[in-house]
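Only one structure is covered here, and it is reproduced in the block below.
The values are calculated or read from the model by the stated rules, or taken from the named source; none is laboratory data. Here the structure is a predicted model, which is why all the values come from computation and not from measurement. Methodologically, a virtual Cβ is constructed for each residue, glycine included, from the backbone with ideal geometry; neighbour enumeration extends over all protein chains shown. All accessible areas refer to the heavy atoms of the entire protein, side chains included, with ligands and DNA or RNA removed. Shrake-Rupley method; radii C 1.70, N 1.55, O 1.52, S 1.80 Å.
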Amino acid sequence: MKCPYCTSDISREALVCPVCRRDLYLFKPLLARIADLEAKLQESREAVPELSALQERIRLLEAGSPTGTMPGAATGGSGCGRGSWLLYWGLPLLLLLLAHGLIVLAFDLDTLYLRIVSLLIPLPFGFLLLQRGPRSLWHAGAAAFAMAALAVLGMSGLVAYVDGVPWLPQGPVEWREFAEYAASIGFSYLTGMLLGRLLARRVSALPADMAAESAAGQGGWKMALARRLVSGPPSMEKLQKAVSRINEVSSSLVAIGTTVLSIYTGLKDLLG
């Protein structure tokens, strides 16, 4: 403790400064109060990192595209384990190649059946990927389209091996068909991911109002739209409910859009 007159270091129990001989009796309660406030300030500073981590976790759960994870959950980016890669991307790739081999090569059926099966196979894997835990939608989506391209390349390779035709597409038309087929598979996987994320939001242990509060705290277009939709004084409770509703509607619309794109790109050439 320092003397308020001469700033000399003195004992906390001292009633008179041994250096300047000033009476400290009137200053003792004030100095004790200051010390107490400093201790509380230090405690609040130590609690800031924990509070920031909690707010970041809420934001990531609400956004659905986290760069981190909850305890025990794997990320959808580079931190994804080998088992997850094999399950969510390797297995649908293998099933797509198997379906192609059976429908086209073994039974020589109409390719329409292959396109329909190719739309159905990726859907549950994308659903389970985001329904089971928070992952990066961008990373998982990029991996889904990469898997789709590999699947179509693999199908082309099987045909090339059996029929002795070129492996890669020949000409702009064949490349366009290749890209559209791969896109239909990728959009199907993306649809499953969006549906899985929508369901995860509904059944998540995180209360919906906390997620909405996190989004509301960030501002942005959702908060601006919520202010326009709320009737009467824009209380925090009304804004939270509006933002939560906007999240559900926007996710549903995007899922519908990816479903339409998947069906269109996959079947438009076969249906004329």
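Quick look at the values:
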item: Solvent accessible area, Å² - SER11, 1.4 Å probe, full protein context; result: 60 Å²
item: Probe 1.4 Å, all protein chains present, accessible-area order of TYR181, TYR113, TYR5, largest first; result: TYR113, TYR5, TYR181
item: Cβ-Cβ FRET estimate between GLN42 and VAL260, R0 fixed at 51 Å, reported to 0.05; result: 0.35
item: Distance histogram for region 132-188 (every C-alpha pair counted, 10 angstrom bins, percent rounded to whole numbers); result: 23, 43, 23, 9, 2
item: VAL16 long-range amide H proximity, modeled H, under 5 Å; result: LEU24
item: Rounded accessible area of ILE256 (nearest 10 Å², 1.4 Å probe); result: 100 Å²
item: Solvent-accessible surface (1.4 angstrom probe) belonging to SER184, in square angstrom, nearest 10; result: 0 Å²
item: Neighbour-limited loop hits for trypsin sites (Lys or Arg not before Pro), region 94-173 (at most 15 other Cβ within 10 Å; DSSP other than H, G, I, E, B); result: ARG132
item: Exposure ranking of PHE187, PHE145 by accessible area [1.4 Å probe, largest first]; result: PHE145, PHE187
